[in-house]
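One structure is given here, and the rest of the page talks about it.
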Amino acid sequence: MASVLAIHAHPDDIETLGAGTLAVLAGLGHAVKIVTVTAGDLGSTEMDQARTSRTRQAEATAAAALIGADYRCGEIGDLCVFNDDPTRRRVTELVRWAAPDIVLTASPADYHPDHEAVSVLVRDACFAASVPNYRTGDATPLSGIPHLYFMDPIGGRDRQGVRIVPDFGVDIERVFETKAAMLAAHESQVGWVARQHGIPDQIQSMEGWSRRRGRDFGVAMAEGFRQYRHHPYPVTPLLQDLVGEALVQAPRAAS
């Protein structure tokens, strides 16, 4: 069985963009770990930062438990994620803790600066995690670089509105109820997402996007991914192989 790490910026990012695939993998017996680099401590108008952080980490823990996954938080501040030495070492330590065969992370181009910063940090941390003399914490350096994949950006577009085309998709129709339950665990975000993003129903919005991406692959619902294949990262299609019959390829031209 494989070890899979999903790491993104904020609690609820993974549930929105990759929880269906994680549910598929967990259902096949693979070990899943979930990490958010921040606790999303700015994501509330009703609570102060400390209470928001505690609340959102508890919600993320509950969401992960629905698929038997472990959760950890990098405890970097919301809107304070930068590609600097301390943060890279922290992210590398989290990758080493997970000891993954596969890492799923944020898109390099997305609407939120934390998302884009996390993408770069995780890409570099996957490389650094196998460098023995790169000191982080107590976790053991990896024996090699894990397979790296990028999730879709929010809405499937970069900051200029240009569509991001995935390499392949994962059919999530049969696990959608689990994905929705994982996102629903983030109860504190209902009011915040309505206020900050103008989205009155987060679950409905996520379902709409899952169906939109599914249409690109000719299935009811899907999540999209791109594999990072540049030297010296692994190029074999490990995630594609692991999801088995849920793999969908050759997206139709975006409409």
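The values are calculated or read from the model by the stated rules, or taken from the named source; none is laboratory data. Remember, predicted model here, so these are calculated numbers, not experimental data. Cβ coordinates were reconstructed from backbone atoms using ideal geometry, including for glycine residues, and neighbour counts include every protein chain displayed.
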Query raised in the report: From the residues in region 193-223 that are buried (at least 20 other Cβ atoms within 10 Å of the Cβ) and in contact with a Gly (Cβ under 6 Å, 6 or more places away or on another chain), which one is farthest from M47 (Cα to Cα)?
Result: F217
Query - Among residues of region 120-157, those that are surrounded by 15 or more Cβ atoms within 10 Å (Cβ to Cβ), assigned to a loop (DSSP other than H, G, I, E, B), among the small types (G, A, S) and out of contact with any Gly (no Cβ under 8 Å at 6 or more places or on another chain), counted - result: 2
Query raised in the report: Which ones in region 239-255 are modelled with pLDDT of 95 or more and not in a strand (DSSP E or B)?
Result: L239, Q240, D241, L242, V243, G244, E245, A246
Report summary line: Among residues of region 82-98 being in contact with a strand residue (DSSP E or B) (Cβ under 6 Å, 6 or more places away or on another chain) and in contact (Cβ under 8 Å) with a residue 60 or more places away in the chain, the residue nearest to L142 (Cα to Cα) is A98
Report task. Report those helices (runs of 4 or more DSSP H) wholly inside region 15-114 carrying at least 1 residues which are among the charged types (D, E, K, R) and either at pLDDT 95 or above or in contact with a His (Cβ under 8 Å, 6 or more places away or on another chain) (or both). Result -> 49-65, 85-98
Query - Output for region 214-232, where each listed residue is assigned to a loop (DSSP other than H, G, I, E, B) and charged (D, E, K, R) - result: R229
Query raised in the report: Exactly one of (1) closer than 23 Å to S119 by Cα; (2) assigned to a helix (DSSP H, G or I) is unmet by A194. Its number?
Result: (1)
